[in-house]
Amino acid sequence: MFEGSIVALVTPFKNGQVDEDAYRKLIEFQIENGTSAIVPCGTTGESATLDINEHARVIDIAVEAVNKRVPVIAGTGGNSTSEAIALSKHAKEVGVDATLQVTPYYNKPTQEGLFRHFEAILKAVPLPQVLYNVPGRTSVNLEPETVARLAVFPEIVAIKEASGNVSQMADIVRLAGDKITLLSGDDNLTLPVLAIGGKGVISVVANIAPRDSADLVKAWAEGNVAAARGLFYKILPLCKAMFFETNPIPVKTSAALMGLIGDEMRLPMCPMSPPNLEKLKTVLTDYSLI
């Protein structure tokens, strides 16, 4: 259902508030440059710093601005199942195409707990659901066998895999590849994930280089391995630069340097250290983005 380069969109702020005009412009920039779906309120969108009303409003804007031109996959996960259900209900009401459901953070649920969490959401809000496994942030790993159990539900359509473990991702394809779409959750693993049967990426770097990210996945899908490989190695230094510090600090800083948004973020996210900022500027300059 979902494939290609899908952007985990940053949330711009201005004077402490969501910058709605800038957000709409970011969406236009993405669609014009081949991005295949928009993810509001993901990790890169600083969802953890948005209050409940802001979270709902960002999703509202995304649906309005996209206007059905590409799918909207709203980040509505949480470490409380009831909260995830409430956020998902609002997202469904305003017309999103799917939700992105992160594994509950901090609680460290068992595999059975994870299964029941996602099952409860899909039963309460029957809408296509993209699982999101990012153990480096949540301290819990969604095992391939659990993914396979969940994949029997028609609502579970894809997984954003950000464990960094390609062997684990291959097991997901082996166990459930006929039922669920594997999407890379790390830009620097996009090509390896495509090679094992993935269909795309939910991307950080697409915020600032959407065309190259989209063309990379498109080239692979068309069987042009050489072109895909060339784009992967072109974009790789930029992908690495997005993690000079914790995401989304570098990507928001990059977007600000490019004039796409202001340079504001929310605590506990803070401006880059001067040495890392200079390193970032060098990479952006080499890529002809600034």
(message) Given the criterion in a helix (DSSP H, G or I), aliphatic (A, V, I, L, M) and without any contact (Cβ under 8 Å) to a residue 60 or more places away in the chain, identify the matching residue among Leu216, Leu175.
(response) Leu175
(message) Can you confirm whether Ile59 is at negative phi, free of Cβ contacts under 8 Å to residues at least 40 places away in the same chain, β-branched (Val, Ile, Thr) and in contact with a helix residue (DSSP H, G or I) (Cβ under 7 Å, 6 or more places away or on another chain)?
(response) yes
(message) Filter segment 71-87 down to the residues that are crowded, with 20+ Cβ neighbours inside 10 Å, aliphatic (A, V, I, L, M) and either closer than 16 Å to Phe118 by Cα or touching a residue at least 40 places away in the same chain (Cβ under 8 Å) (or both) and list them by number.
(response) Ile73, Ala74, Ala84, Leu87
(message) Being assigned to a loop (DSSP other than H, G, I, E, B), out of contact with any Lys or Arg (no Cβ under 8 Å at 6 or more places or on another chain) and either crowded, with 21+ Cβ neighbours inside 10 Å or modelled with pLDDT of 95 or more (or both): is that true of Ser163 here?
(response) yes
(message) Given (1) in contact with a Phe, Trp or Tyr (Cβ under 9 Å, 6 or more places away or on another chain); (2) surrounded by fewer than 23 Cβ atoms within 10 Å (Cβ to Cβ), identify the lone condition not met by Val94.
(response) (1)
(request) Give me a count of the residues in segment 184-213 that are touching a Gly at 6+ places or on another chain (Cβ under 7 Å) and in contact (Cβ under 8 Å) with a residue 60 or more places away in the chain. (result) 4
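The rows are residues; the columns are (1) more than 20 Å from the chain's Cα centre (by Cα); (2) over 16 Å from Arg57 (Cβ atoms); (3) small (Gly, Ala, Ser); (4) modelled with pLDDT of 95 or more.
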position: Ala74; (1), (2), (3), (4): no, no, yes, yes
position: Gly78; (1), (2), (3), (4): no, yes, yes, no
position: Ser82; (1), (2), (3), (4): yes, yes, yes, yes
position: His90; (1), (2), (3), (4): no, no, no, yes
position: Gly95; (1), (2), (3), (4): no, no, yes, yes
position: Thr99; (1), (2), (3), (4): no, yes, no, yes
position: Glu112; (1), (2), (3), (4): yes, yes, no, yes
position: Glu119; (1), (2), (3), (4): yes, yes, no, yes
(request) Residue by residue through segment 178-197, note down the ones that are at negative phi, within 20 Å of the chain's Cα centre (by Cα), part of a loop (DSSP other than H, G, I, E, B) and not hydrophobic (A, V, I, L, M, F, W, C). (result) Gly185, Asp186
(message) Can you go through Thr138, Thr146 and tell me which one is among the hydroxyl-bearing types (Ser, Thr, Tyr), under 18 Å from the mean Cα position of the chain (by Cα) and under 14 Å from Pro104 (Cβ atoms)?
(response) Thr138
(request) Filter segment 36-70 for residues that are of a type in the set (Lys, Arg) and either buried (at least 21 other Cβ atoms within 10 Å of the Cβ) or more than 20 Å from Ser213 (Cα to Cα) (or both) and give the result. (result) Arg57, Lys68
(request) State yes or no: is Asn33 touching a helix residue (DSSP H, G or I) at 6+ places or on another chain (Cβ under 9 Å) and surrounded by fewer than 21 Cβ atoms within 10 Å (Cβ to Cβ)? (result) yes
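The values are calculated or read from the model by the stated rules, or taken from the named source; none is laboratory data. Predicted, not measured: the structure shown is a model, and the values here were computed from it. When we count neighbours, we look across all protein chains shown, and the Cβ atoms used for this are built from the backbone with ideal geometry, even at glycine.
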